[in-house]
Amino acid sequence: MTILVTGATGTVGRRIVSELAGRGVPVRALTRNPGKAAFPDGVEVACGDLTEAATLAPALEGVTGLHLITFGGDDGAPLENGPELVELAAQAGVRRVSVLSGWDESTVEEALRAGMLRWTRLQCVEFMANAFDWADSIRREGVVRVFGNHPGAVVHEADIAAVAVAALVEEGHAGETYLLTGPETLTPEQRTRLIGAAIGRELRFEEQSEAEYRAAMRAAGVGDELIEFGVQLGANPPDAGSVVLPTVERVTGRPGRTFAQWAAEHAAAFRPL
Ligand SMILES: NC(=O)c1ccc[n+]([C@@H]2O[C@H](COP(=O)([O-])OP(=O)(O)OC[C@H]3O[C@@H](n4cnc5c(N)ncnc54)[C@H](OP(=O)(O)O)[C@@H]3O)[C@@H](O)[C@H]2O)c1
């Protein structure tokens, strides 16, 4: 039994790879750039591009479990070749699939729903790791600037990975959609204080106006579509983003990791250079 992890160098995928490897499960990590990637000992590395399904055939050889991301390319565009990917996986003998969904459903989920593979969908509220966006201004100025100071039930990437691993190695998760949250709701301002506590530095929090947010994003080279998405989230966040759910604990048997824990683990990223 080998499990192929796509998005293996990414925020969640790299955690899935190390958790599977730590459990002694044979794991193969997909990346478009094997030369740049570093994985734990014993992890097989496969080269392939999800937007070009034909490149995945060698990576899928002998694979019985598959973790899928649903976007391809650095702009986060949803995959348009879901049916082709699902067909290839079925032909290769894949028996279990976990899927990390984006905000909207892609052709991957559509194809899985129409096909015969047993699969589990992971839908997440905001990742704790989005706080890395604040690292630069924290390091340089000791400040976090955010448009929209709304509470969010932010989820730790390791908990998303733990649920994916359960779905890939255990019975009983096929057909489920798991909505994953952290164990508490926290505003960006509260998260700023927790990062400050982790690095022993008092940080300032400044709530941006919409115009300030747009200007800062444009200056950082962010594209129009992502800016509009950020404005929408800042002005009018979805209610589901601020509801704490017990899913992580139900599936993994452990309470969800807290943001204080995340900040302590990543303190080095926020300390002045
Ligand atoms: N951030 C959030 O708050 C949040 C919340 C809910 C849902 N989500 C969803 O979670 C997902 C992950 O988001 P993220 O921002 O954390 O991304 P990420 O994991 O950092 O994404 C990068 C990964 O995608 C892989 N990749 C990209 N295009 C590829 C392609 N064409 N073929 C093969 N691999 C490809 C990259 O592999 P290589 O570069 O190594 O090839 C890398 O491993 C997204 O669907 C997002 O919508 C995010």
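The values are calculated or read from the model by the stated rules, or taken from the named source; none is laboratory data. Since we're looking at a predicted model, the values are computed, not measured. Note: ideal-geometry Cβ built from the backbone for every residue, glycine included; neighbour counts use all protein chains shown. Calculation scope for accessible area: heavy atoms of the full protein, side chains included, ligands and nucleic acids excluded. Shrake-Rupley method; radii C 1.70, N 1.55, O 1.52, S 1.80 Å.
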Just to be sure, is Val45 at pLDDT 95 or above, among the hydrophobic types (A, V, I, L, M, F, W, C), surrounded by 15 or more Cβ atoms within 10 Å (Cβ to Cβ) and within 27 Å of Thr258 (Cβ to Cβ)?
no
Taking region 59-82 and keeping residues closer than 20 Å to Gln123 by Cα, more than 14 Å from the ligand (Cβ to nearest atom) and surrounded by fewer than 18 Cβ atoms within 10 Å (Cβ to Cβ) leaves none
Starting from region 149-166, take each residue that is in a helix (DSSP H, G or I) and list its partners that are polar (S, T, N, Q) and within 15 Å of the ligand (Cβ to nearest atom), counting only C-beta distances under 6 angstrom and pairs at least six apart or across chains.
Glu157/Thr11; Ala164/Ser98
Give the number of residues within region 188-209 that are surrounded by 16 or more Cβ atoms within 10 Å (Cβ to Cβ) and in a loop (DSSP other than H, G, I, E, B).
2
Mind listing whichever residues of region 11-42 are near the ligand (Cβ under 10 Å from one of its atoms) and outside any helix (DSSP H, G or I)?
Thr11, Val12, Ala29, Leu30, Thr31, Arg32, Asn33, Pro34, Lys36, Ala37
Quick one: how many residues across region 101-110 are open to solvent by less than 50 Å² (accessible area, probe 1.4 Å) and not in a loop (DSSP other than H, G, I, E, B)?
3
Filter result (open to solvent by less than 50 Å² (accessible area, probe 1.4 Å) and in contact (Cβ under 8 Å) with a residue 60 or more places away in the chain) within region 210-231
Tyr213, Ala216, Gly223, Gly230, Val231
Taking the condition within 10 Å of the ligand (Cβ to nearest atom), within 20 Å of Gly175 (Cα to Cα) and crowded, with 17+ Cβ neighbours inside 10 Å, does Ser98 pass?
no
Hey, can you tell me all the residues within region 111-145 that are open to solvent by 20 Å² or more (accessible area, probe 1.4 Å) and either in contact with a His (Cβ under 9 Å, 6 or more places away or on another chain) or within 16 Å of the ligand (Cβ to nearest atom) (or both)?
Arg118, Trp119, Arg121, Gln123, Cys124, Glu126, Phe127, Asn130, Phe132, Asp133, Trp134
With respect to Gly182, determine if the residue is within 20 Å of Val12 (Cα to Cα), in a loop (DSSP other than H, G, I, E, B) and at pLDDT 95 or above.
yes
Yes or no: Glu105 of a type outside the set (Val, Ile, Thr), within 16 Å of the ligand (Cβ to nearest atom) and within 23 Å of Gly182 (Cα to Cα)?
yes
Between residues in region 243-260 that are closer than 24 Å to Ile195 by Cβ and residues that are of a type in the set (Gly, Ala, Ser) and part of a helix (DSSP H, G or I), which pairs lie under 7 Å by C-beta distance while being six or more apart or on different chains?
Arg257/Ala158
Can you tell me how many residues within region 238-264 are at pLDDT 95 or above and either within 22 Å of Val143 (Cβ to Cβ) or loosely packed, with under 12 Cβ neighbours inside 10 Å (or both)?
9
